[in-house]
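Where a number appears in this text, it was derived from the coordinates with a stated rule and is not lab data. All figures in this text were calculated on a predicted structure; none of them were measured in a lab.
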Amino acid sequence: MQRPYVIDKLISAKAIAARIEELSREIRQEFEGTDKLVVVGLLRGSFIFIADLVRELEMPVEVDFLEASSYGDGMESSREVRILKDLRGAIEGRDVLVVEDIVDTGFTLTHVVNLLASRNPARMKSIALLDKPTRREVSIKADWTGFEIPDKFVVGYGIDYAQRNRNLAYIGTVRFTDD
């Protein structure tokens, strides 16, 4: 049984939308001249972020997904990254943008970036909606970050707690009421 909790708003839907507009301008500049950008979303947490981001890119994009897991239904990373679903298409010689929901310990993004780099993309950059630098256990930083957040468990905007709260339009922190 799940512990009772409430969600305290941390980042509003308006703030997220404004930040995505800024990030998309920077990404368009970085990949200017590409014939088609392969945008790789890390499932499941990034699906809302990737949808909003690609609509703002105003350039030719192809969307693919990779599902990696290091959490299961818990609140702590297992530090063991498993690939549950691989890309459908090839990325060799192509420009790639890896889209992550949150960089916490850094294990997932490190594993995915190394895996995709081994497939010889022309260029590869990464973007994370959220970053918790105080939790980092491996040295990695996304090329672009939406928001730096404190070391609190967050939900909303695609990010879940035990498969709940992905549908919130904002990012909120989980606070247990039985503490």
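Averaging the Cα positions of each part gives two centres, and for region 94-168 and region 5-69 these lie 11 Å apart. Close amide H partners of residue 145, meaning residues 5 or more places away or on another chain with modelled amide H under 5 Å apart, are 128. Here's the list of lysines a cross-link from residue 14 could span, going by alpha-carbon distance under 24 Å and ignoring same-chain residues fewer than 8 apart: 132, 152.
Sequence-distant contacts, meaning Cα pairs under 8 Å at least 6 residues apart, place the relative contact order of the chain at 27 percent. Residues whose amide H comes within less than 5 Å of that of residue 39, counting only those at least five positions distant or on another chain, are 62, 63, 64, 97 (H built at 1.01 Å from N in the peptide plane). At a Cα cut-off below 24 Å, give the lysines reachable from residue 125, other chains included and same-chain residues fewer than 8 away excluded. Partners within reach: 36, 85, 141.
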